[in-house]
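Scroll down for the structure; my scribbles are underneath it.
The values are calculated or read from the model by the stated rules, or taken from the named source; none is laboratory data. All values derive from a computational prediction rather than experimental measurement. Quick reminder, even Gly has a Cβ in these numbers, built from the backbone with ideal geometry, and neighbours come from all protein chains shown. The protein model used for the area step is the full one, side chains on, heavy atoms only, and it has no ligands, DNA or RNA in it. Shrake-Rupley method; radii C 1.70, N 1.55, O 1.52, S 1.80 Å.
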Amino acid sequence: MNKDKKILYSGMQATATLQLGNYLGALKNWVNLCDEYECFFGIMDLHSLTVRQNPTEFRQNARKLYALYVAAGLDPEKNCIYYQSHVSGHAELGWILDCFTYMGELNRMTQFKDKSAKHADNINAGLYTYPVLMAADILLYQADVVPVGADQKQHLEITRDIASRFNNIYGDVFTIPEPYIGKTGARIMSLQDPEKKMSKSDENINGTILLLDDRDTVIRKFKKAVTDSDACVRYGEDKPGISNLMNIYSTISKKSIEEIEREFDGKGYGEFKLAVGECVADELDPLQKRYNELMADKTYINNCIKENDDKARYFATKTLRKVQKKVGLTELIR
Ligand code: TRP
């Protein structure tokens, strides 16, 4: 642990079949931050339990997510990549923080409202206290920065509120985390409906590029991408389909929007879509190769999990013991 570096914390739910939006909007940015920060990346499997899971698939998905983190470039020997459920401090701090969170605050969470509407038959208490567990994740590691997407910003705000409330009563226990907003904040939209965020749960599979889609599938999906009838590769609010493709191309190729406009000046959409498809396929190719190797090498990943679980547990326990003491729980007798 390098004490001079600030601490970064982030994670994804363990159910994620990752798609291009998760990769370009989150994972790839995380990879770029690894040198600058001391990083913790969780496989958020406790959060996934708020929705009913098939146990076998769930376990496999968590493992796949671990391999995808590593395949995307997060080095498990330099960063702490671990399972949330393997560190019991998350649930323990979560409970304590539940007692410092008001129902009125949780009632305002838009994700709770959205998810309740979507899973009307299973509006469980975990779905309701989801943001408090997330606060525990972040505060256990005394994180300075948390890269999150727009949909999680409200959860980071409540984390800050809970932490400040606790600190006001008990002194400086928690670091107040800042959101990290990436430089290339382009939101990746559905290829079939560019007004909607790209999502793995999209009914139209052609709208979403999955990270494990093969080359032909990637190119076919880009060829089918919805555009407009203007036949000019130009960025603009009136051209959401083309602008989305330009964002994708720009993020991967690091070319500016102006450069891309020049590159495809006078060329048709067919040529442009093919170029974007190929550039995405080229980007995913090494990631997929690495992923397949990792999934085949059980021992390597198991060792990484074990070591990083231990490391996470060490830091989490330190904060948890401090909190328990502050609130007046009786210390362990040794
Ligand atoms: N709620 C986040 C999501 O669905 C996942 C998450 C859980 C998380 N705990 C976190 C993200 C802590 C950042 C920090 O995307």
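Flag: I248 does not match the condition of being farther than 20 Å from S190 by Cβ, part of a helix (DSSP H, G or I) and open to solvent by less than 30 Å² (accessible area, probe 1.4 Å).
From the residues in the range 102-120 that are part of a loop (DSSP other than H, G, I, E, B) and modelled with pLDDT of 95 or more, which one is nearest to the ligand (Cβ to nearest atom)?
First pass over the range 102-120, keeping only residues part of a loop (DSSP other than H, G, I, E, B): 102, 108-109, 119-120.
Filter once more, keeping what is modelled with pLDDT of 95 or more: 102, 108-109.
Working: Y102: 20, R108: 16, M109: 11 Å.
My answer is M109.
Matching residues to (1) of a type in the set (D, E); (2) farther than 30 Å from T227 by Cβ:
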| residue | (1), (2) |
| --- | --- |
| I123 | no, yes |
| T129 | no, yes |
| D137 | yes, yes |
| Q154 | no, yes |
| I158 | no, yes |
| V173 | no, yes |
| I188 | no, no |
| M198 | no, no |
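Looking only at the range 162-212, residues that are open to solvent by less than 60 Å² (accessible area, probe 1.4 Å) and touching a strand residue (DSSP E or B) at 6+ places or on another chain (Cβ under 9 Å) come to 16 in all. For the range 141-158, taking the residues that are more than 10 Å from the ligand (Cβ to nearest atom) and in contact (Cβ under 8 Å) with a residue 40 or more places away in the chain, the one that is surrounded by the most Cβ atoms within 10 Å (Cβ to Cβ) is identified as V145. Taking the criterion of being in a helix (DSSP H, G or I) and open to solvent by 40 Å² or more (accessible area, probe 1.4 Å), the residues of the range 254-282 that qualify are E258, E259, E261, R262, E263, G270, E271, L274, E278, D282.
Pairing residues of the range 277-303 that are touching a residue at least 12 places away in the same chain (Cβ under 8 Å) and not assigned by TED's automatic domain parsing to the domain that holds I81 with residues that are in a helix (DSSP H, G or I) and open to solvent by 70 Å² or more (accessible area, probe 1.4 Å), at Cβ distances under 6 Å and at least 6 apart in sequence or on separate chains, gives A281/R215.
Which residue is least open to solvent (accessible area, probe 1.4 Å), if the candidates are limited to the range 283-334 and must be among the hydroxyl-bearing types (S, T, Y) and more than 21 Å from K28 (Cβ to Cβ)? Going through the qualifying residues, I end up with T319.
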